[in-house]
Amino acid sequence: MKLGDETKKELIRIAREKSIYLEGNIIKLISLEKGDPFLNYLEKASENDKENRRKRLEVTKRVQAQNKELQSKADENDRLMTELKEAVEKAEDAKKTAENDLDLLQKRTQFELIGNIVSYALYVIVGCGIITTAMYGIAIFHESKETTLIGNTWSNLFGILLTNSFSIIGTIMGVKYASNSKTKDE
C-alpha cells in the first residue's frame, strides 16, 4: 500500500502534535522506497504499537488472574456458607434437644416435688389423727371428765385435716392439670 506525500505529512504532523501514531497490521502493509523520511515515522509507530500491545497483554493477564482469584474466593465463600448453614441446623437441633431435655427434667422434678408434698401432707394428717385419737382413747380409758372436750377437738381436728388434705390434693391436681394444658397448647 502506498501513501501520498500529503497523507504522510499529515500523519507526521499528528504524531508530532498529539503523539498519535498508526497502530496494528496497517503499518506492515505500507510500502516505502529506500531513503523515504516517512520510514522513521513507521519505525516509531511500530515501536509504539509493540509497547501498546505489551501493555494490553499485561492488563489482560492481570484481569484474568484477578478473575481467577475472585472465582476461587467465590467458591470458598459458597463452601463456607454451606458449612455455616449445616452448623446452624445442627445448633438448632441441639437447642431443640436441650429444650426437650430441660422440659422433661422440669416435669420429673415437678412430679417428684408433688409426690413429696403429698407424702409429707399425708404424714402430718395421719400423725395428727393418730395423736388426737390416742389422746381421746387415753381420756376414755381413764374415764376423764375432759372426754367431751377432747371428742369435740378430735372431731374438729379430723374435719380440718380432711378439708386441708383435699385442698392440698386439689391444688396439686390443678397445678398438674394447668401445666399439662400449657404443654399441649405449645
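How many residues are touching a Phe, Trp or Tyr at 6+ places or on another chain (Cβ under 7 Å) and either more than 20 Å from Arg16 (Cβ to Cβ) or of a type in the set (D, E, K, R) (or both) when one looks only at region 35-62?
1
Here is a yes/no grid of residues against (1) in a helix (DSSP H, G or I); (2) touching a residue at least 24 places away in the same chain (Cβ under 8 Å); (3) surrounded by fewer than 12 Cβ atoms within 10 Å (Cβ to Cβ):
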| position | (1), (2), (3) |
| --- | --- |
| Lys95 | yes, no, yes |
| Leu104 | yes, no, yes |
| Tyr120 | yes, no, yes |
| Gly129 | yes, yes, no |
| Met135 | yes, no, no |
| Ile140 | yes, no, no |
| Trp154 | yes, no, no |
| Leu161 | yes, yes, no |
| Ser167 | yes, no, yes |
Going through region 38-53 in order, the residues found to be without any contact (Cβ under 8 Å) to a residue 24 or more places away in the chain and more than 60 Å from the chain's Cα centre (by Cα) are Leu39, Asn40, Leu42, Glu43, Ser46, Glu47
Among the listed residues Thr60, Thr82, identify the single one that is of a type in the set (Ser, Thr, Tyr), within 58 Å of the chain's Cα centre (by Cα) and under 30 Å from Leu11 (Cα atoms). Thr60
Please determine, by comparing only the residues of region 108-118 that are in contact with a helix residue (DSSP H, G or I) (Cβ under 8 Å, 6 or more places away or on another chain) and closer than 18 Å to Asn164 by Cβ, which one is surrounded by the most Cβ atoms within 10 Å (Cβ to Cβ). Ile114
Taking region 142-152 and the residues there that are surrounded by 13 or more Cβ atoms within 10 Å (Cβ to Cβ) and β-branched (Val, Ile, Thr), the one that is nearest to the chain's Cα centre (by Cα) would be Ile150
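Every number in this text was worked out from the coordinates using simple rules, so none of it is lab data. Model, not experiment: these values are computed from the prediction. When we count neighbours, we look across all protein chains shown, and the Cβ atoms used for this are built from the backbone with ideal geometry, even at glycine.
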